[in-house]
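K.L.:
This is the structure I have questions about; it appears just below.
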Amino acid sequence: MPLYNLDTGHEGFVGCHRAHLLDELVKFIPEDAVKFRKKLVNVTDQEKGEKVLLHFQDGTTSSADVVIGCDGIKSKVRQLVLGPDSPAAYPNSSHKVPYRALIPMDRAIAAVGSFKAFNEHCHTGPGAHVLHFPLVAGTILNFVAFADDTTDWDSMGEGVANMTSPTTREEVAAVFQDWGPTVKNLINLLPDEVTKWAIFDTYDYPAPTFVKGRLCLAGDAAHASTPHHGAGAGMGVEDALALATLLHKGTKILQGLPSPRQCDKSSLLEATFRAYDIVRPPRGKWMVKSSRDVCEIYEWNHPDTMRDWEKCLKDLTERSRKIWDYDIEGMISQLEGEFANQVQSRL
């Protein structure tokens, strides 16, 4: 069960910098539990009496009871779970790009006023949308402008290292030449060189399963999405809670066995992953599709809403509530029920 429920007050939610969140989480990880500068190339899922063997590019190996792939959108574990020939093993371009830049807050205030500079805004319009919000205690304005993109990022394959491309302020200005003064005034503040980011996701070929034997996918490795919901990291945290709940249940059962064997542990781990694979994928896949839909709503292209802002707001609110109001306790109950069924069939 959750450790606590935090009342966030009338604002409804709180946020923090990703790096600050990671700084706090890493305090719970033993220093000797992390190995850096390792690139996974293969995994051998051996017999039930043996551990899983991980093979790294530098020729070294390591063994573990399970492998949980949280290795991001370009996940190697995803390729191993789904097979290298499966199109679902790789992400694909969403054909949208954000132009991103940071603007000093004093210049932003002079251009658009204090209210717009210090409060998050989303400007919607035909075929594009613009976000801006304050960062670093209100000293910087983050500017992100989304638009269609015809670059064939997919053909670049794994050669796309950072999936970014330099462009110019003039290109951004041309895309938004027919927009209102707020957007144009902010674009005028952009530096001469702006970064264009390719956005990949798993929408075109969703994973048919998150599990293979004692290999499992979580987070972006399982269901990488576009950023339009702003919920991808949260889904990964939900995955982590699901796996932690199941692994804890399995550990308690193993400790209660009179003479536990490695094969008993393997059976419990397989039951854990099977229960996870029943409960978690539908929500992750929904989020991937819904994030695409949110972009279409912002850009007046969704067939159910088009340019009717009342319909847009209603649809966006309903989708957001599915994320914000998720029944965590209900998820845990479902996981525990599925796990019990899987254990009964194995032990």
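K.L.:
Could you look through the range 238-265, keep only residues that are at pLDDT 85 or above and of a type in the set (S, T, Y), and pick out the one that is farthest from the chain's Cα centre (by Cα)?
P.N.:
Per the stated criteria, the residue is T251.
K.L.:
Given the condition closer than 30 Å to F273 by Cβ and not aliphatic (A, V, I, L, M), answer yes or no: does some residue in the range 182-200 qualify?
P.N.:
Scanning the range 182-200 turns up at least one residue that is closer than 30 Å to F273 by Cβ and not aliphatic (A, V, I, L, M).
K.L.:
OK, next. For H228, indicate whether it is assigned by TED's automatic domain parsing to the domain that holds A101, modelled with pLDDT of 95 or more and surrounded by 18 or more Cβ atoms within 10 Å (Cβ to Cβ).
P.N.:
No: the conditions fail for H228.
K.L.:
Looking at the range 12-24, I want the residues that are modelled with pLDDT of 85 or more and surrounded by 10 or more Cβ atoms within 10 Å (Cβ to Cβ) and have a partner that is among the charged types (D, E, K, R) and in a helix (DSSP H, G or I) with Cβ atoms under 7 Å, at least 6 apart or on another chain. Which pairs are those?
P.N.:
Taking only residues 6 or more apart or on different chains, not a single pair turns up.
K.L.:
Right, something else. Any residue in the range 318-329 that's at pLDDT 95 or above: show its pairings with residues that are among the hydroxyl-bearing types (S, T, Y) at Cβ separation under 6 Å, as long as the two are six or more apart or on different chains.
P.N.:
R319/S290
K.L.:
Determine which member of the set K74, K96 is closer than 30 Å to A145 by Cα, charged (D, E, K, R) and touching a Pro at 6+ places or on another chain (Cβ under 8 Å).
P.N.:
After applying the criteria, what remains is K74.
K.L.:
Moving to a separate point now. Which ranges mark the strands (runs of 3 or more DSSP E) fully within the range 1-108 that have 1 or more residues being farther than 22 Å from Y276 by Cβ?
P.N.:
Output list reads 40-44, 52-56, 61-64, 96-104.
K.L.:
If I ask for residues that are more than 25 Å from A271 (Cβ to Cβ) and under 22 Å from the mean Cα position of the chain (by Cα), which ones from the range 41-75 would you list?
P.N.:
Selection gives G72, I73, K74.
K.L.:
Specify which of the listed residues (V144, V130) is surrounded by 19 or more Cβ atoms within 10 Å (Cβ to Cβ), of a type in the set (A, V, I, L, M) and either at positive phi or not assigned by TED's automatic domain parsing to the domain that holds C312 (or both).
P.N.:
Only one candidate passes the filter, namely V130.
K.L.:
Taking strands (runs of 3 or more DSSP E) that do not extend beyond the range 155-249, which have at least 1 residues that are small (G, A, S)?
P.N.:
In the range 155-249, the matching strands (runs of 3 or more DSSP E) lie at 164-168.
The values are calculated or read from the model by the stated rules, or taken from the named source; none is laboratory data. None of these values were measured; they are calculated from a predicted model. Note that we place each Cβ from the backbone using ideal geometry, even for glycine, and neighbour counts take in every protein chain shown.
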